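See structure below.
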Amino acid sequence: MKRILVFDMDGVLAEVSESYRESIVQTVRHFTGQTISRESIQDYKNQGGWNNDWALSQRICADWGVDVPYEAVVERFTRIFFGDDANGLILREEWIPRDGLLERLARRFQLAIFTGRLQAEAAPTLKRFAPELKFDPIIGAEDVVNAKPAPDGLHEIRKRHPGAELWYLGDTVDDARSARAAEVPFIGIASPASARHAETVRLLRDGGAVAVLDDVNQIEAVLPQ
């Protein structure tokens, strides 16, 4: 039986505290003049339903009394994330898997990605850090009708590979809920350095995670042989 290891990107393959999370901080500051803490951002994430950082930034602004059109939030966030001359916060991302990990896994599993990123956001990071690795398929935000926590991305991967056994690695409540809805075993990731770590671990376990790891480099110990 084909086995497919499906990765979320943010917080699993790529460390994004200084890219996506900082883009939320700077977007909210631009429109409200206030600075939201990383702990408060994680509080929203732990509620579930906030996989879309554009929508989350808009919601935070609204909660702080400033109504901003969604298109304006997207434009500002995207400018911060990519930069005006390819010099944006995306360049602050770091690759989490250690050398050789994904190559070893690829000998045992087909590797795939189901991410809340757009393809245009996923491609530069994958090209920068893992140009030789093949992920098939890569399911991004524009490839599904319903975003996480809906299971559409996992269903699409299963549709493309009938009969395959899937495992999903993610770091948010929405990832866990997506896996549960798709009836796919879920492995949670919760960095000890992240905001609200203990709460996030509890929520991922409550969401059905078969294991919660500090980072993806511990994955080999919990996967089937």
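Annotation: average projected area of the stretch 24-97 is 5.6 square nanometres, based on the convex hull of Cα atoms across all directions. GNM on the chain, alpha-carbon springs under 10 angstrom: the most fluctuating residue among 175, 143, 206 is 206. Subtracting the Cα-Cα distance of residue 18 and residue 214 from 0.36 nm times their residue separation leaves 68.7 nm of extension gain. Farthest towards the positive end of the charge dipole of the chain, among the residues 124, 105, 51, is the Cα of 105, using unit charges on the Cβ of Lys, Arg, Asp and Glu. In this simple spin-label approximation, residue 29 and residue 91 carry label points 7 Å from Cα along the Cα→Cβ vector, and these lie 1.8 nm apart. How high is the relative contact order of the chain, in percent, counting Cα pairs under 8 Å that sit 6 or more residues apart? In percent, rounded to a whole number, it is 26. How high is the relative contact order of the stretch 20-91? Use alpha-carbon pairs under 8 Å, at least six apart in sequence, and give a whole percent. Computed over the stretch 20-91, the figure is 35 percent. Computed extension length for residue 181-residue 136: 14.1 nm, one decimal, from 0.36 nm per residue of separation with the Cα-Cα distance subtracted.
What 222 nm value per residue comes from the helices of the chain, counting each DSSP H run with n ≥ 4 as -39,500 (n - 2.57) and dividing by all residues, nearest 500 deg cm²/dmol?
-12500 deg cm²/dmol
Summarised as an ellipsoid, the chain has semi-axes of 29, 19, 17 Å, derived from the eigenvalues of the Cα gyration tensor scaled by 5 and square-rooted, with the largest first. Partner lysines whose Cα lies under 16 Å from the Cα of residue 134, excluding those fewer than 8 positions away in the same chain, are identified as 2.
Taken together, the values in this text are just the output of simple stated rules run on the coordinates, not laboratory data. Predicted model, so just to flag it, every value in this text is computed and none were measured. Because the Cβ atoms are built from the backbone with ideal geometry, glycine has one as well, and the counts that use them run over all protein chains shown.
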